[in-house]
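Student: Sharing a structure here in structure tokens format.
Each reported figure results from applying straightforward, stated rules to the coordinates on display, with no laboratory input. All values reported here derive from a predicted model rather than from experimental measurement. Virtual Cβ from ideal backbone geometry, glycine too; neighbours counted across all protein chains shown.
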Amino acid sequence: MRPTFMGGLLAAVASVALVIGTPAQARLDYSGPAFNILAPGEFGGLPADQYSTDQGQLYDALTPLEGHVTMADLSRFYLSEKFGVHGPVVRTERPKPGLTIYRDQYDVPHIYGRTRADVMFGSGWVAAEDRGLLLLEGLGPAYLATLDVPGINPFSLVTSFRSFTPSQQTINFVARQENVLRRAGRQGRQVLRDLQDWVDGINAYEASTEQSGPKLPKAKLTDAIAGFAFIGSIFGNGGGNEVANSDFLARLEQRLGPRAGLKVFRDLREVNDPEAPTTIKKPFPYDGVPKGPTPGAMVIDPGSESAAETTAMSAQEASHKLASNFIIAGHKYSANHHPIAVMGPQLGYYYPEIVMQGDLHGGGINAEGIIAPIAPYVFIGRGRDFAWSLTSADSENEQQFLEKLCNPDGSPPTRDSHFYFYKGRCRPMKFFDAGLLGAGDGQPARELTFYETVHGPVSGTVTVHGRPYAVTLDRSTRGDEPAGEIALSELDSDRVHSPEQFFRAINHFGTTFNWPYIDSKYIAYFSSGRLPIMAKGTDPSLPTLGTGKYDWRGWLPLNRHPHMIEPRSDILTNWNNKPAPGWGAASDNYGYGAVHRVQLYRGFFKGMHENDDVSIMNRAATEDLRTVEVWPIIRKVLDGGPAPSKLAAEAADLIDQWRADGSSRIDLNLDGKIDAPGAAVMDTAWSGIALAVMQPVLGPLTQNLEQMIPLSTTPSFDPGWYGYVSKDLRTELGMKVRGKFSRRYCGNGSLSACRASLWAAIQAAANQLVATEGPNPNLWYSSAAAERITFVPGLIPFTMRWTNRSTFQQVIEFTGHAKQ
């Protein structure tokens with residue numbers, strides 16, 4: 001049973017000295033200022049308690065400070081990320097001899113073991129204690145994340161409390177992946193031991209008198225392997241959108257002709273836009289626009305996707321999320337010449353939060369940060385003398401293949417055929433029974449079955465020149481999930497003390513993430529992933545012919561991944577933007593254009609402290625990207641001619657004023673409204689502005705483009721049409737533009753027609769606001785209540801102001817380094 005706050009506090013004050021202030025502890029920790037926070041809180045059970053939302057309240061209190069965060073604010077609104085307990089020990093647990101878990105005033109567990117096995121056991125104990133509800137709902141669906149079952153978004157089953165019972169065939173599929181770790185030698189065998197100790201800790205907690213809620217089924221090693229696939233399936237995969245791209249290209253060619261249609265498709269894909277902001281400046285060519293003929297790239301008959309394929313694509317799109325950010329200033333900018341960082345993953349706002357905090361020590365383990373409760377390791381956080389984080393990279397580790405259908409008797413194939421051509425033979429597809437999906441969302445329980453080929457699960461069919469093909473999805477990490485655990489084991493085990501060692505460790509990670517590194521001297525960056533080398537004659541944007549001739553040619557080696565130690569700029573920033581010049585956008589990524597939210601990270605100066613770095617992040621978290629980066633270009637076009645009315649002129653002026661005041665979307669007085677009338681104008685006018693730019697050329701295909709990339713993703717400013725509008729209007733104005741589009745879109749190339757259409761969009765927005773908000777423009781407001789953060793799936797009533805910050809966030813600096 002969890003003790004009351006005061007009872008635990010009074011009982012535990014005497015034990016504080018056991019974990020803080022000792023010489024041994026000081027030798028472990030080379031950090032200077034070190035803070036972190038996890039919203040809404042460490043506890044994730046029911047009923048919610050004071051530890052469920054206490055950090056959420058601190059998180060929310062930082063938001064209105066915008067770009068004016070002080071050093072004192074860091075201590076007020078963050079928790080310490082120094083090793084050990086800082087403050088009172090509120091509760092102490094001793095699950096077994098050799099293991100002690102100290103709970104601090106925010107209920108964060110500090111796990112101390114005599115041996116490594118003790119620490120791993122303790123991490124499992126805490127996973128069951130703090131995230132038992134999440135494990136209860138998530139371990140079944142986690143098996144689905146390993147399989148890529150067509151039409152299923154595994155994480156949506158967790159948030160909708162829909163169960164999944166894996167079949168023996170699925171359990172065997174996951175169990176075979178233990179061999180991935182066995183083949184990895186000593187490191188892999190250590191991970192297997194760690195995972196078993198972690199599983200034992202979960203089961204021990206469930207069997208203890210501490211457990212008072214719903215019981216978990218007995219955990220198994222396969223649960224840990226399946227669970228690890230979850231994080232990658234949501235945040236660490238890219239690509240897999242090739243059939244949708246092919247359909248879009250086919251429609252463009254129908255409308256504009258083959259040559260012009262392909263050029264417009266290349267414009268909109270922005271595979272390698274030279275204006276796209278990148279984390280590092282050194283080029284790393286990969287997955288660009290192909291040169292020469294592409295006989296292995298398939299253009300489908302437009303509209304030929306089967307219903308099953310359409311459903312599968314929708315589920316896959318819903319399962320991919322872009323998340324997280326980092327802002328790192330090197331020694332040239334830091335006031336004391338030690339690099340400083342604010343960084344963390346944006347995992348979404350859930351209760352229970354899908355990660356938990358932890359501080360692990362013993363048996364060679366020294367790490368603090370967040371633990372995904374599907375493995376024992378701190379996967380984002382800090383070691384003795386370095387810290388790391390990640391952001392979703394969305395690099396192409398998934399690719400759709402088109403399997404040429406056949407019948408073994410030589411009869412003409414139909415879409416129902418379960419045979420396909422591969423390496424000159426007509427082969428049978430493999431039938432897979434994944435298991436039982438429980439009832440939910442108004443649907444009855446059903447068995448999940450699918451067919452698969454050598455290239456992965458079959459999601460549906462299309463036709464090419466009238467001939468049927470099966471669509472399959474090949475994911476580079478399918479069947480190879482646990483390899484990434486080696487990276488986390490290395491980071492936690494006091495074996496990484498330099499950027500080069502960090503690169504070698506992270507290269508074990510098969511899913512696609514951007515990884516920043518910081519120590520007392522260096523800043524560094526690496527983009528991970530088991531990334532396929534595509535065959536000559538293919539196009540990463542389009543589905544690949546699956547006959548065997550165009551199969552993948554191996555994996556990208558470490559030295560060809562984007563990486564950098566201490567860049568000349570001495571600044572590293574990433575908010576899911578392009579890693580490096582020449583790095584192609586994955587087939588599902590239309591957002592590597594000229595405008596990206598990472599451009600909101602600005603204002604670096606010599607002599608910075610940690611609070612200055614946090615201020616840059618906190619200001620950008622509520623800024624309107626359209627107003628900061630795109631509106632000045634729109635305004636230049638508008639200024640070339642008179643406004644159609646006084647009302648339209650006033651509306652445009654309100655956006656000018658909002659931009660001059662900082663373009664913040666914040667609701668400072670908590671009246672439920674964004675504190676600027678200009679926000680109401682931009683929110684209402686943007687759709688019309690974006691359509692005015694693109695629709696003259698695309699016509700009805702504008703809707704198809706919206707399916708590829710939304711017009712706007714307010715207020716998060718994930719990829720949207722911002723770069724399209726900026727690049728085209730700058731071209732219209734005759735400004736310097738790198739990587740110009742193949743044609744002018746707005747006004748179909750007529751600047752005067754373009755200007756008239758933009759003013760029309762402003763006028764239409766003003767008319768709409770008069771009808772809904774009244775005739776006084778100074779009283780027009782957008783709703784801030786609609787943007788207020790709630791915690792999915794609605795188990796707690798706590799909410800927060802909108803801000804686009806990391807769910808878990810570190811603020812850290814190191815002032816010393818361990819001897820190697």
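Student: Would you work out which of Leu572, Ala586, Trp555 lies farthest towards the positive end of the dipole of the range 548-591? Charges go on Cβ: Lys and Arg +1, Asp and Glu -1.
Tutor: Trp555
Student: Next up: Among Thr511, Val464, Tyr451, whose Cα sits farthest toward the positive end of the charge dipole of the range 417-537 (+1 at Cβ of Lys/Arg, -1 at Cβ of Asp/Glu, about the Cα centre)?
Tutor: Of the listed residues, the answer is Val464.
Student: Any chance you could check the Cα centroid distance between the range 526-583 and the range 59-84 for me, in angstrom?
Tutor: Between the Cα centre of the range 526-583 and that of the range 59-84, the gap is 36 Å.
Student: Still on this model: Would you mind checking Lys82/Lys521; Lys332/Lys819; Lys291/Lys636; Lys263/Lys636; Lys220/Lys404; Lys96/Lys220 for any pair whose Cα atoms are more than 30 angstrom apart?
Tutor: Numbers: Lys82/Lys521 19 Å; Lys332/Lys819 24 Å; Lys291/Lys636 37 Å; Lys263/Lys636 27 Å; Lys220/Lys404 40 Å; Lys96/Lys220 20 Å.
Violating the 30 Å Cα-Cα cut-off are Lys291/Lys636; Lys220/Lys404.
Student: With the dipole of the range 134-281 worked out from charges on the C-beta (+1 for Lys and Arg, -1 for Asp and Glu) around the Cα centre, which of Val243, Leu157, Pro217 lies farthest toward the positive end?
Tutor: Val243
Student: Something else about it: For n ≥ 4 DSSP H runs only, could you compute -39500 (n - 2.57) per run for the chain, divide by its residues and tell me the 222 nm figure to the nearest 500?
Tutor: Details: 22 runs with 277 residues, N = 820.
Rounded to the nearest 500, it is -10500 deg cm²/dmol.
Student: Using per-residue counts of other Cβ atoms within 10 Å, averaged over each peptide, order 667-680, 710-723 from highest down.
Tutor: Numbers: 667-680: 19.5, 710-723: 21.5.
Final packing ranking: 710-723, 667-680.
Student: Just want to confirm a number: the relative contact order over the chain, from Cα pairs under 8 angstrom separated by 6+ residues, in percent. Don't jump to the answer; show the numbers that get you there.
Tutor: Details: 1893 pairs, mean separation 150.1, N = 820.
Relative contact order, the chain: 18 percent.
Student: Shifting gears a bit: For the range 43-113, count all C-alpha to C-alpha pairs, find those more than 18 Å apart, and express that count as a whole percent of the total. Before the final figure, lay out each step's value.
Tutor: Numbers: 1277 of 2485 pairs.
The share of Cα pairs beyond 18 Å in the range 43-113 comes to 51 percent.
Student: Further question: Would you mind giving the average projected area, over all directions, of the Cα convex hull of the chain in nm² with one decimal? Write out the running numbers ahead of the final one.
Tutor: Details: hull surface 136.0 nm².
Over all viewing directions, the chain projects a mean Cα-hull area of 34.0 nm².
Student: Shifting gears a bit: Near Lys218, which lysines are there with a Cα under 17 Å away, not counting those fewer than 8 places off in the same chain?
Tutor: Answer for Lys218, where 17 Å is the Cα cut-off: none of the lysines qualify.
Student: Go through 388-400, 532-544, 354-366, 697-709 and give me the packing order, highest mean Cβ count within 10 Å leading. Before the final figure, lay out the partial values.
Tutor: Values: 388-400: 28.3, 532-544: 21.2, 354-366: 23.1, 697-709: 16.5.
Ranking the peptides 388-400, 532-544, 354-366, 697-709 by packing returns 388-400, 354-366, 532-544, 697-709.
Student: Going out from 0 in 10 Å bins, what whole percent of all Cα-Cα distances in the range 404-475 drops into each bin?
Tutor: 19, 43, 25, 12, 1
Student: Highest first, please rank the peptides 475-481, 514-520, 63-69 by the mean number of other Cβ atoms sitting within 10 Å of their residues.
Tutor: Working: 475-481: 20.3, 514-520: 25.6, 63-69: 17.9.
Descending packing order for the listed peptides: 514-520, 475-481, 63-69.
Student: Would you compute the Debye intensity of the range 498-596 from its alpha-carbon atoms alone, equal scatterers and no solvent, and pass along log10 I(q)/I(0) at q = 0.22 Å⁻¹ to two decimals?
Tutor: -1.24
Student: Assigning unit charges at the beta carbon (Lys, Arg +1; Asp, Glu -1) and nothing else, what dipole magnitude in debye, to the nearest 20, does the range 265-358 show about its Cα centre? Don't skip to the end; give the middle numbers.
Tutor: Numbers: 7 positive and 10 negative charges, 128 e Å.
So the dipole magnitude of the range 265-358 works out to roughly 620 debye.
Student: Run the dipole for the range 35-179 about the Cα centre, Lys and Arg Cβ at +1, Asp and Glu Cβ at -1, nothing else charged, and hand back the magnitude in debye, nearest 20. Working shown, then result.
Tutor: On the way: 11 positive and 16 negative charges, 111 e Å.
In total the dipole reaches around 540 debye.
Student: All other residues with a Cβ under 14 Å from the Cβ of Pro293 taken together, and with Lys, Arg as +1 and Asp, Glu as -1, what is their net charge? Each step should come with its number before you reach the end.
Tutor: Working: positive: Lys291, Lys536, Lys549; negative: Asp539.
Overall, the nearby charge balance is +2.
Student: Please report the net charge: other residues with Cβ closer than 11 Å to the Cβ of Pro40, K and R +1, D and E -1.
Tutor: Summing Lys and Arg as +1 and Asp and Glu as -1 gives -4.
Student: Hey, another quick one. State to the nearest 20 debye the size of the charge dipole of the chain about its Cα centre, where the only charges are +1 on K and R beta carbons and -1 on D and E beta carbons.
Tutor: Working: 77 positive and 85 negative charges, 480 e Å.
With only Lys, Arg, Asp and Glu charged at Cβ, the dipole is about 2300 debye.
Student: Could you tell me whether the range 339-382 comes out rounded, prolate or oblate from its Cα gyration tensor? Rule is a ≥ b ≥ c as square roots of the eigenvalues, rounded for a/c under 1.5, then prolate if a/b exceeds b/c, otherwise oblate.
Tutor: Values: a/c = 3.00, a/b = 1.22, b/c = 2.47.
Oblate, since a/c reaches 1.5 and b/c is not below a/b.
Student: Count the DSSP beta bridges whose two residues both fall in the chain, then state the antiparallel fraction as a percent rounded to the nearest 5.
Tutor: Numbers: 92 of 102 bridges.
Counting DSSP beta bridges with both partners in the chain, the antiparallel share is about 90 percent.
Student: Which whole-Hz couplings ³J(HN,Hα) result when phi for each residue of the range 145-154 is put into the Karplus expression 6.51 cos²θ - 1.76 cosθ + 1.60, θ = phi - 60°, listed in order with x for Gly and Pro?
Tutor: Going residue by residue, I get 5, 7, 9, 6, 5, x, x, 10, 9, x Hz, with x marking Gly and Pro.
Student: Once you list every other residue whose beta carbon is under 12 Å from the beta carbon of Asp492, what net charge do they have if Lys and Arg are +1 and Asp and Glu are -1?
Tutor: Numbers: positive: Arg116, Arg382, Arg384, Arg495; negative: Asp194, Asp359, Glu368, Glu485, Glu490, Asp494.
Combined, the nearby Lys, Arg, Asp and Glu give -2.
Student: Please report the spacing between the Cα centers of the range 611-639 and the range 332-373 in Å, no decimals.
Tutor: 28
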